[in-house]
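For reference, the structure discussed in these notes is given below.
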Amino acid sequence: MKVLANDGVSQSGIDALEKAGYEVITTTVAQEQLINYINEKDIAVLLVRSATTVRKDLIDACPGLKIIGRGGVGMDNIDVEYAREKGLSVINTPAASSHSVAELVFGHFYGLARFLHNSNRDMPLEGDSNFKGLKKAYAKGTELKGKTLGVLGFGRIGQATAKVALGAGMKVVAFDPFLENANLELDFFDGQKVNFDIKTISKDDVLKQSDFVTLHVPAQDDYVIDEAEFNIMKDGVIIANAARGGVVNEIALVKAIESGKVAGAALDVFEKEPKPEMQLLMNSALSLTPHIGAATNQAQDRIGTELATQIISILG
């Protein structure tokens with residue numbers, strides 16, 4: 001059987017599938033040519049990430065397709081229910097990239113707390129001519145230890161981010177409409193473990209208490225963070241969105257930065273990908289990355305292996 005990994009897959013995934021007797025094709029086929037390619041090559045499994053969409057027209061036009069796999073968590077680029085109604089298996093890898101996203105969020109938080117995103121721009125330009133000026137400008141950083149992290153969305157990624165926060169000495173408060181409490185087990189290098197029981201609270205209570213806020217929610221119709229939410233946050237809050245573009249109102253975010261309500265924000269995702277608004281790209285209070293939350297070698301290895309395991313289990 002043939003597997004088309006249209007947006008790529010790790011070598012660990014390829015190796016596992018080939019060992020099980022599958023032919024893995026990693027050619028990137030243009031969206032408009034995908035239906036013909038799948039049918040001509042007799043593709044049984046289509047693997048995608050965020051670049052390729054799998055809609056009803058493709059599902060209807062490719063009767064030989066048995067599995068659609070998403071390397072990652074969110075499946076909003078796939079018509080999941082329709083595919084399942086048509087008898088296809090739809091799989092994803094919800095656990096594989098959780099820690100990678102959590103570490104990226106904290107990379108941003110540490111950078112924002114100590115102005116690294118700006119200092120790294122300014123030092124090459126002014127480090128030799130304005131060293132003392134830059135030192136003074138960036139001398140009022142803050143520590144994360146002892147601060148409160150608010151987590152909106154307490155699924156796998158939210159919990160992984162909370163674990164990093166607990167390891168950093170932060171208090172964690174969390175909101176999730178589908179979860180009342182979670183037991184987090186922190187594993188350390190020498191086999192020791194520490195358990196934390198986190199009971200979720202209301203969204204408003206999370207926003208009122210938090211010094212740092214991170215979103216780990218699926219795509220939704222309405223903003224999760226809009227002007228009303230900014231208004232009840234602490235002054236000087238720092239926010240991260242590594243979930244989905246469109247869960248934070250970017251216009252309201254810029255206004256909250258200008259008013260001083262928000263001291264800084266990290267965005268890994270944007271309402272208008274792949275062309276984020278210029279006022280975001282040029283805003284010195286923002287720490288920005290180009291949607292790389294899951295993009296670590298370790299996460300991609302886990303994603304590939306997890307997809308391969310599921311495919312082999314389904315098709316035998």
### Message
List the residue pairs whose Cβ atoms are under 8 Å apart, where the first residue sits in segment 251-263 and is touching a residue at least 12 places away in the same chain (Cβ under 8 Å) and of a type in the set (Lys, Arg), the second is part of a helix (DSSP H, G or I) and surrounded by fewer than 19 Cβ atoms within 10 Å (Cβ to Cβ), and the two are 6 or more positions apart or on different chains.
### Response
255/227; 261/231
### For residue 165: the one exception among (1) in contact with a strand residue (DSSP E or B) (Cβ under 8 Å, 6 or more places away or on another chain); (2) open to solvent by 60 Å² or more (accessible area, probe 1.4 Å); (3) part of a helix (DSSP H, G or I)
(2)
### Pair list, Cβ < 7 Å and 6+ apart or interchain, from segment 134-147 residues that are within 12 Å of residue 110 (Cα to Cα) to residues that are open to solvent by 100 Å² or more (accessible area, probe 1.4 Å) and assigned to a loop (DSSP other than H, G, I, E, B)
141/114
### Task
Can you tell me which residue within segment 287-304, out of those that are among the hydrophobic types (A, V, I, L, M, F, W, C) and surrounded by fewer than 22 Cβ atoms within 10 Å (Cβ to Cβ), is farthest from residue 73 (Cα to Cα)?
288
### Query
Filter segment 168-191 for residues that are more than 19 Å from residue 224 (Cβ to Cβ) and assigned to a loop (DSSP other than H, G, I, E, B); which is most open to solvent (accessible area, probe 1.4 Å)?
189
#### Entry: Within segment 106-118, tally of residues that are touching a Phe, Trp or Tyr at 6+ places or on another chain (Cβ under 9 Å) and either under 21 Å from residue 184 (Cβ atoms) or open to solvent by 30 Å² or more (accessible area, probe 1.4 Å) (or both)
4
### Query
Quick one: what pairs do we get from segment 182-200, first residue more than 17 Å from residue 164 (Cβ to Cβ), second exposed (fewer than 12 other Cβ atoms within 10 Å of the Cβ) and polar (S, T, N, Q), C-beta under 8 Å, 6+ apart or different chains?
197/181; 197/183; 199/181; 200/181
### Task
Could you name every one of the strands (runs of 3 or more DSSP E) located completely within segment 192-275 that has at least 3 residues being surrounded by 17 or more Cβ atoms within 10 Å (Cβ to Cβ) and modelled with pLDDT of 95 or more?
212-215, 237-241, 262-267
### Summary
So, first residue closer than 24 Å to residue 244 by Cα and acidic (Asp, Glu) in segment 76-88, second residue assigned to a helix (DSSP H, G or I) and open to solvent by 50 Å² or more (accessible area, probe 1.4 Å), Cβ within less than 6 Å, six or more apart or across chains; the pairs are 79/56
### strands (runs of 3 or more DSSP E) fully within segment 1-85 counting 2 or more residues that are open to solvent by less than 20 Å² (accessible area, probe 1.4 Å)
2-5, 43-48, 67-70
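The values are calculated or read from the model by the stated rules, or taken from the named source; none is laboratory data. Keep in mind the model is a prediction, meaning the values are calculated, not measured. Using ideal geometry, Cβ is built from the backbone for each residue, glycine included, and neighbour counts are taken over all protein chains shown. Keep in mind that these areas ignore ligands, DNA and RNA; they rest on the heavy atoms of the full protein, side chains included. Shrake-Rupley method; radii C 1.70, N 1.55, O 1.52, S 1.80 Å.
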